[in-house]
Structures are given as C-alpha cells and as structure tokens.
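Any read-out appearing in this document is the output of simple, stated calculations on the displayed coordinates, not a laboratory observation. The shown structure was predicted, so the numbers you read here are calculated from the model rather than taken from an experiment. As a convention, Cβ positions derive from the backbone with ideal geometry for all residues, glycine included, and neighbour counts pool all protein chains shown.
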Amino acid sequence: MNINGHTGLTGLLGHPVAHSISPMMHNESFRLLGLNYAYLCFDVGEKELETAVNGLRALGTRGWNCTMPDKQRMCLLCDRLSPAAQMTGAVNTVVNENGILTGHNTDGIGYMRAAREAGFDLTGKEMTLLGAGGAATAIAVQAALDGVRVLRLFNRRGRSWGHAQELTDAINAQTGCRAELYDLEDRKALAAALGQSDILTNATSVGMAPHKEGCILTDASLLRPELIVSDIIYNPRKTRLLRLAESAGCPAFNGLYMLLFQGAEAFRLWTGQDMPVDTIKAKYFSGQE
Ligand code: NAP
C-alpha cells in the first residue's frame, strides 16, 4: 500500500476496536482493487466521540464505521440519515461528502445479503426474529424494507421491551411488513410462530462465546426441516442452536457472512466499488463450515 498526499482515510471508531477484522478486510480490498484509501482503528470512548467526529470531518476523511457503544450517538452527529439508519436510530457507517455526514446502517443489509448468498430469498416470506437489541433492530428494519411480509419479534420483557414496541409500531407504520411483538416466555406463541415462519433468526447474544452451551430455543421439537435457521453469532461458528437445526434437518447459516457483507456495503458507500468478497472470504472468513 502506497500512502501519499491523495490517500483517502477511512476507519473504525469505538471501544474496544483493536480486535476488529475490519482493517484487514478493507485494506486488502483497497490493495486488490488499486484504490488509494487506508483504513485505521481509533480507540475512542463515548466521552471523546463528538470531538473525534468533528476532527474526522474537518480533516476531510472519506468516512468511518462505528461500533458499540457509539451507534446511537453517531445518529445524532450526522447531518443526514439513510432510511435504515433513521428507523433503527443507529449508525454503523458514515460517509463524508465535503463536510456533510450521512449516516447509514449496513448491519441489516449485511444480514439480508448473507441470507441471499446462502440461497434464501426472503421477499414475501415470514420471519421469526429472536432479540430486540442493536443487531436485531437492524435486521428487523432491513427485512421489512426488503419485503419480508410478516415479522414476529420475540424478546424477554425487560431492558429492550419498550424499544421493541416502538420498533414494531414503526415497521407497521412505515413499511408494508406486518410486525408483531411477543414475550419470549410465551411458548405457545413461539410454537405457533415457528409453525408458520419460513426462517428463524437468533439475534440475541445467547450461545455466544464464552457461554457457548447457551441456547435460546429450549424446545428442539419446534424445528421442522422446512424452517431455515440462522444465528447471527459467529463465535462459535456453529452455536448450539445451529447444531440443533442440523439434527432436525433444517437449512442453516451463521453470522460470519453478515459481518463480511455489512463491511462490503460500507466499502461500496465509500468507494463506489464492490468489495472483492470472494478473495476476502477465502482469506479472512474461512471456516464457514
Ligand atoms: P445487544 O444490543 O446487547 O442485544 C442483545 C439481545 O440479546 C437483546 O435482545 C437481549 O435482551 C438478548 N438477550 C441477552 N441475553 C439474553 C438471555 N439470557 N435470554 C434472552 N435474551 C437475551 O447486542 P447486539 O449488538 O444486538 O448483539 C447480539 C448478538 O449478535 C451478539 O452475539 C453479537 O456478537 C451478534 N452480532 C453479530 C453481528 C454479525 O455481523 N454477525 C453483528 C452484530 C452483532 P434484553 O434486551 O432483554 O437484555
């Protein structure tokens, strides 16, 4: 990579960020396509976020990603928002056009593309989505914008319940998707939802390392072979939910390619070019099986 006076700067803001795979996937893609950009990680806490954003804007950087805990705050620091960023209230990608900051949320786009690449077109389909945190919200909004017909959202009553109610109201008011909210404890509702849905998506953190034995679904008999099962967790690659799905004969996919494609969409927004995803997959995302 040749850094010179024309190099466009992109990067990641958040805390912690040092573990991120994003610098590798973006810098390698810039190199492969001969694009004069660089991607760096900036370990910025909540207190310094606004100062950092003002600095990046003033320096004329091309844009940046942001991660937890900054996605909601970043919404307030942008001048414009994409429809998905507006509806989720969270931004993970910012594009800087001559000092005007546009906030996007590419997490849901990443999930929907991962589903498509796994062979599943969800247009007109019914989805049962577990969770109402940041990732679930992004998936719910993008699924609704992309034509999922019915969305059944399950979360425990607590921290995210009020947000989940607002989310389902917004989806019903602003998209053609019918969204319904249920208590995760309501076993009858869950059984009915899984009986009717085309896809089950786990967007809770249950089953994520180090608590790999956790499983959000307590009744494996609800899994029928026609149901697609996806888990957005990628560590471990195969969660207990995905192992249950495999035993039940369900087609399934994990969260690895959601991570890849949310990055690919950010890359497209900054450079106007497609990330060479096949090479990036082979180099940094092997072990999908
Ligand atoms: P978050 O905002 O903290 O949301 C976590 C969700 O899980 C909430 O709905 C939470 O419910 C629920 N939850 C947590 N523990 C639970 C339990 N014991 N029982 C029932 N529900 C429980 O986190 P997030 O950012 O959305 O991330 C969620 C998961 O997605 C993480 O594993 C993360 O690694 C993964 N993720 C993957 C990608 C990707 O690219 N593949 C991207 C983002 C996130 P409450 O709100 O009630 O606590």
Rg/Rh for region 100-198 to two decimals, with Rh computed the Kirkwood way over all alpha-carbon pairs. 0.97
I need the phi-derived Karplus couplings for region 5-19: 6.51 cos²θ - 1.76 cosθ + 1.60, θ = phi - 60°, integer Hz, Gly and Pro marked x. x, 9, 4, x, 9, 10, x, 10, 10, x, 8, x, 10, 4, 7
GluC sites (Glu not before Pro) within region 154-240: DSSP coil, no more than 12 neighbouring Cβ in 10 Å: Glu185, Glu213, Glu226
Farthest toward the dipole's positive end in region 1-108, which of Pro83, Leu35, Leu9, given Cβ charges of +1 (Lys, Arg) and -1 (Asp, Glu) about the Cα centre? Leu35
Give me, ordered by chain and number, the residues 5 or more places off Cys41 or on other chains with an amide H under 5 Å from its own placed amide H. Leu12
For region 1-81, what's the radius of gyration and Dmax over Cα atoms, in angstrom? 13.0, 36
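Which value, in Å³ per residue, describes the convex hull spanned by the Cα atoms of region 151-289?
Numbers: hull volume 20.7 nm³, N = 139.
Residue-normalised Cα hull volume stands at 149 Å³.
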Estimated distance in nm for a label pair at Ser286 and Glu246, the labels positioned 7 Å out from Cα along Cα-to-Cβ: 1.9
Give me the distance in nm between label points sitting 7 Å out from Cα along the Cα-to-Cβ direction at Ser20 and Lys212, one decimal. 2.7
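Report, in debye and to the nearest 20, how large the dipole of region 37-194 comes out about its Cα centre when Lys and Arg carry +1 and Asp and Glu carry -1 on their Cβ.
Working: 17 positive and 18 negative charges, 55 e Å.
Rounded to the nearest 20 debye, it is 260 debye.
Run the numbers for Trp161 and Asp186: contour at 0.36 nm per residue of separation, minus the present Cα-Cα distance, in nm. Provide the component values of the computation, followed by the final result.
Values: separation 25, 0.36 × 25 = 9.00 nm, distance 1.41 nm.
Between Trp161 and Asp186, full extension yields an extra 7.6 nm.
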Compute the acute angle (0 to 90°) between the alpha-carbon long axis of helix 187-196 and the principal axis of greatest extent of the alpha-carbon atoms of the chain; round to the nearest 10°. 80
What is the set of long-range amide H partners of Ile232 at a cut-off below 5 Å, with H atoms built 1.01 Å from backbone N? Asn202
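Around Ala84, under 11 Å between beta carbons, what's the net of Lys plus Arg minus Asp minus Glu among the other residues? Kindly include the intermediate steps, with their values, before the conclusion.
Values: positive: none; negative: Asp107, Asp146, Glu265.
Charge balance near Ala84 sits at -3.
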Per residue of region 160-170, what does 6.51 cos²θ - 1.76 cosθ + 1.60 with θ = phi - 60° give for ³J(HN,Hα)? Whole Hz please, x for Gly and Pro, Karplus curve as stated. 9, 4, x, 4, 5, 5, 5, 5, 5, 4, 5
Sorted by Cβ density within 10 Å, fewest first, the residues Ile139, Ile3, Ile216: Ile3, Ile216, Ile139
Mind putting together the pair-distance distribution for the chain? All Cα pairs, 10 Å bins, whole percent per bin, short to long. 6, 28, 34, 22, 7, 1, 0
